[in-house]
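For reference, the structure discussed in these notes is given below.
The values are calculated or read from the model by the stated rules, or taken from the named source; none is laboratory data. Not measured: the values here are computed from a predicted model. Reconstructed Cβ throughout: ideal geometry from the backbone, glycine too, with neighbour counts over all protein chains shown. The accessibility values were calculated without ligands, DNA or RNA, using every heavy atom of the protein model including side chains. Shrake-Rupley method; radii C 1.70, N 1.55, O 1.52, S 1.80 Å.
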Amino acid sequence: MEWLPAISFLGAASSLLLATASLVFRPRTLAQWLLIVGLVLLGLESLCQALSFRAVAEQQMLFWQVTRHWVIALLPAIWLAASLAYSRGDPGRHLRQWSPAILLLAVVLPLVAVVFRRELIFEARAIEPAGNWLFRIAWPGKLLQGGMLIGSVLVLANLEWTFRAAVGTARWRIKYAVIGLALLFGTRLFSSSQALLYSGTTFQWGLLNSVALSLACVLLAFSFYRSRLATVDIYPSATALYKSLTIMVAGVYLVIVGLIAKLVITLGGERAFPLLVFVLLVAAVGLSVLWLSDRFRSATKQFVSRHFQRPMYDYRRVWSSFTATTAAQLDRQELFRAVARLISTTFEALSVSVWAVDPARGTLALAASTSLTTDRPAEPFDASELLASLSPLKPEDLEPVCLERSKKPWCEILRRANPTFFPEGGERLCSPLVASGEVVGFLVVGDRVAALPFTAEELELLKCLSEQLAATLRTLRLSEQVAQARELQAFQAMSSFLVHDLKNTASTLSLMLRNMAVHYDKPAFREDALRGLGRCVEHINDLISRLTLLRGKLEIHKAACDFNDLMRTAIKNLGEPEGIRIEADHWPLPKVELDARQIESVFTNLLFNARDAITGEGVIRVRTEPLDRWAVATISDTGCGMTPEFIAQNLFRPFQTTKQRGLGIGMYQAKTIVEAHGGRIEAQSVPGAGSTFRVWLPLPADETTQT
C-alpha cells in the first residue's frame, strides 16, 4: 500500500492549494473565510494521515494519529458555520440561530481532544491487507468521531436546504460546490459511523477520506471558477426546511436505535438476535408513529417557520401601515373599519369581522365587517358568560384558534351564543383582543382566497396585530374617558362662573323689582332703575360676547401698524385710575404687520389686570422696545402678584382667575391672539411685590434691530 501516502499527500495538497487560491478573490466575505479555514483543516488532517503512514516507529505513528484527531475536533464547528454562511441571504441571522450548536461543537470537542490527548488512542495493531493498521480509540476518540458524524449530518442538511432554495443562475453557480461538499461529508459520515461501530480507525478509511477530499477540491475549484466566489443570496424555502428537518430527526432516531442494537449485539452476541429483531421492529413502529403524527408535523412546521423560514410578509411595511392606520383614527367606528380592511388586504381574506365588548353592559356586538352587511341582524348579545370564561386564562393561552374545530370553552360559548353572527364558509380564525388582561373584543378572519390554510407565520402575525389593536382600543377608550372628564371639568368651571355672575345680576334685578311697587311713581327712582337695568343688560351681553370668543375661530387680519400707537391707545382706554401712576417709555420701532384691534385688546387687558391687581396707590410701568428680531411690550405693576404655581398651571387656562368677579377668559384669549401672530407672552411675578408681562411679536425680516 505504498500508494496510500501519495493519495493522502495529494488530498492535502489539493485542499491547501484551493484555500490559497481562494485568497485571491475579493471582497473576502465571512463565508469565504470559513471555507478557507475549513479547507486548511482538511488539508492538515490528510497530511497527518500521510505522515502517520510514512512513520517508521509505532510511537511516531500514534503521534500523528493523535494530531489528526486534534484537527478532527475543529472540523465540525468550522464546517457547520461555513455551510450556514455559504450562499445564504443574511448569513449573520443563520449563524445567530445556530450559535448554540456551533459553540457546543467548537468548545467541547477541542477541550476533550486537549484534556484527554493521551487517551484518544489506546492500541495500534497491523491488520489485513498488508500495510493497513487499526487504531483502537477510547471514549474521548469516540466522542470526537461522534461529533464529526453529527457535524457531517448538519452540514449535509444545510447544503440540501441551500441547494433546494437556489434557482436559475444561483443553482448553476453553486451546483458543483454542493456536490463536492456532499461527497466529502457523505464520506465523512460513513467513516465516522464505522469508527464508532468498530471502536477504531484504519488507514483504508483514511484513504477513502483523502480520495473524497481530492475529488471535492476539483469540484469546488470548478464551482469557484464559475462564480468567482460571488455573493449568492439564497433563502431556503419552508418546504425544503420542513422535509430536511423531518429526515434529519428520523435519521437521528435511527442512529440511536442502531446504537442500541449494537449494544445488544455486544452484550449478547448471536444469542441476542431475537432481541435485535424485536428492537428493530419497535423502532420501525416508533418511526411510523412519529412520521404520521399530526402534532409532530405541526410542531415541526411551527419550529421551522419561527426560526428558519424567510418571512412571507414585509413586516416593516405591514407594521407601518397598521400603525399609521390606527394612529390616525380617533373615531372608534372608523378605526374598526380601517383595521378590518387592512387585515383583509394583508391576509387576502374575504371575511374579516371585528367584535367589540361593551364593558358597562357586558355585551358583544359587531363593530365592523368586510362581509356582513347592515341587512343582517347584529344585535348585541350578553357576553358575561363568555368574558367570565376568558378571565382566568393567561395572555399566552389567548392565541388565534379555528372557531369550528377548537374545543376551548370560550369558542363553544361563542358558537352557542349566536353562530349566525360570524361569517360562514372556509376556515375561520378567532383571535381575542386582550389588553392589560382585559378582553376588549374579538377578531374573526376567514374565507381566504383559494381557501388557503393559515401558516404558523400568519398565526404569529395575526396574534401580533390583534395585540396591537387591543392596546389601541384600550388607549382610545382611556382617551375618551379623559376627554369626557375634561369636558365635565370645563363645564363645571364655566357653570360656576356663570352662576356667580348671573346670580349677582339676578339679585340686582330682584331688588329693583321689589322696590318698583313702592317707588315707581318717583321720577328719580325710575331714572335710577333704567340705568341699573341698562347695566345688567350690558353685563349679560358682555358675558355672552366673551364666552362666544371661546367657541368661535380666531381670525387675524394683519396690516402695517405702529406698535407704539397701539400701546398709547390702550393706555388711553385705561384712563387715569385713582392713586395709580402710569410710567411709559416708548422706543422707536418700525411698522409691524399686526391685527391692530386684536393686539390693542391684548394690551388693554394687560393694563386692566395691572390696575385691578393694585390696591390703593401703586405704579404701572409700560415699555415698548425692539430686541433682536422682536418687538417687545413690557407691562409691570406693583400689585398683589401671583404664585409660581398659579402662573405655571392656571394663568393661561380658561376659567382660571384670582379676581372675585373675573371669568378667567382674558389671559387665555390674549395668549391665543399673540401666538396667532407668531409671538409669545411671558409672565413673572412675586406674591405681594407685583407682576411683569412681556409680549413678544416678530419684526419684519429686514427691520431687525439689536439693542
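For the range 171-189, state whether one or more residues are in a helix (DSSP H, G or I), farther than 17 Å from ASN158 by Cβ, out of contact with any Lys or Arg (no Cβ under 8 Å at 6 or more places or on another chain) and among the hydrophobic types (A, V, I, L, M, F, W, C).
So far as the range 171-189 goes, no, none of its residues is in a helix (DSSP H, G or I), farther than 17 Å from ASN158 by Cβ, out of contact with any Lys or Arg (no Cβ under 8 Å at 6 or more places or on another chain) and among the hydrophobic types (A, V, I, L, M, F, W, C).
Conditions: (1) under 30 Å from VAL56 (Cβ atoms); (2) open to solvent by 20 Å² or more (accessible area, probe 1.4 Å). ILE179 meets all but one. Number of the miss?
In the conditions (1) under 30 Å from VAL56 (Cβ atoms); (2) open to solvent by 20 Å² or more (accessible area, probe 1.4 Å), ILE179 misses (1) alone.
Mind telling me which of the residues ALA560, ALA610 ends up being open to solvent by 10 Å² or more (accessible area, probe 1.4 Å), modelled with pLDDT of 85 or more and either in a helix (DSSP H, G or I) or of a type outside the set (Lys, Arg) (or both)?
Being open to solvent by 10 Å² or more (accessible area, probe 1.4 Å), modelled with pLDDT of 85 or more and either in a helix (DSSP H, G or I) or of a type outside the set (Lys, Arg) (or both) holds for just one of ALA560, ALA610, which is ALA560.
Residue-wise test of (1) hydrophobic (A, V, I, L, M, F, W, C); (2) open to solvent by 30 Å² or more (accessible area, probe 1.4 Å).
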{"site": "PRO5", "(1), (2)": "no, no"}
{"site": "LEU18", "(1), (2)": "yes, no"}
{"site": "THR29", "(1), (2)": "no, yes"}
{"site": "LEU35", "(1), (2)": "yes, no"}
{"site": "GLU58", "(1), (2)": "no, yes"}
{"site": "MET61", "(1), (2)": "yes, no"}
{"site": "GLN65", "(1), (2)": "no, no"}
{"site": "LEU84", "(1), (2)": "yes, no"}
{"site": "LEU95", "(1), (2)": "yes, yes"}
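Here is a yes/no grid of residues against (1) modelled with pLDDT of 75 or more; (2) basic (Lys, Arg):
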| residue | (1), (2) |
| --- | --- |
| THR300 | no, no |
| GLU334 | yes, no |
| VAL357 | yes, no |
| LEU364 | yes, no |
| SER371 | no, no |
| ARG376 | no, yes |
| ALA383 | no, no |
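Filter the range 43-91 for residues that are more than 47 Å from the chain's Cα centre (by Cα) and among the small types (Gly, Ala, Ser) and give the result.
Across the range 43-91, the qualifying residues are SER46, ALA50, SER52, ALA55, ALA57.
Determine if the range 336-351 includes at least one residue that is surrounded by fewer than 13 Cβ atoms within 10 Å (Cβ to Cβ), modelled with pLDDT under 70, of a type outside the set (Gly, Ala, Ser) and outside any strand (DSSP E or B).
For the range 336-351, residues surrounded by fewer than 13 Cβ atoms within 10 Å (Cβ to Cβ), modelled with pLDDT under 70, of a type outside the set (Gly, Ala, Ser) and outside any strand (DSSP E or B): absent.
Filter the range 184-236 down to the residues that are among the aliphatic types (A, V, I, L, M), open to solvent by 30 Å² or more (accessible area, probe 1.4 Å) and modelled with pLDDT of 75 or more and list them by number.
Across the range 184-236, the qualifying residues are LEU189, LEU196, LEU197, LEU208, VAL211, LEU215, VAL218, LEU219, ALA221.
Being surrounded by fewer than 19 Cβ atoms within 10 Å (Cβ to Cβ), part of a helix (DSSP H, G or I) and at pLDDT 85 or above is the filter here; which residues of the range 573-599 pass it?
ALA596
What are the pairs with Cβ atoms under 9 angstrom where one residue, in the range 328-357, is at positive phi and the other, located anywhere, is assigned to a helix (DSSP H, G or I) and of a type outside the set (Gly, Ala, Ser)? Sequence gap at least six, or different chains.
Short answer, once both residue conditions are applied: GLU348/VAL449.
Can you tell me which residue in the range 614-639 is modelled with the lowest pLDDT, limited to those that are touching a Ser or Thr at 6+ places or on another chain (Cβ under 7 Å) and open to solvent by 20 Å² or more (accessible area, probe 1.4 Å)?
The selected residue is ASP628.
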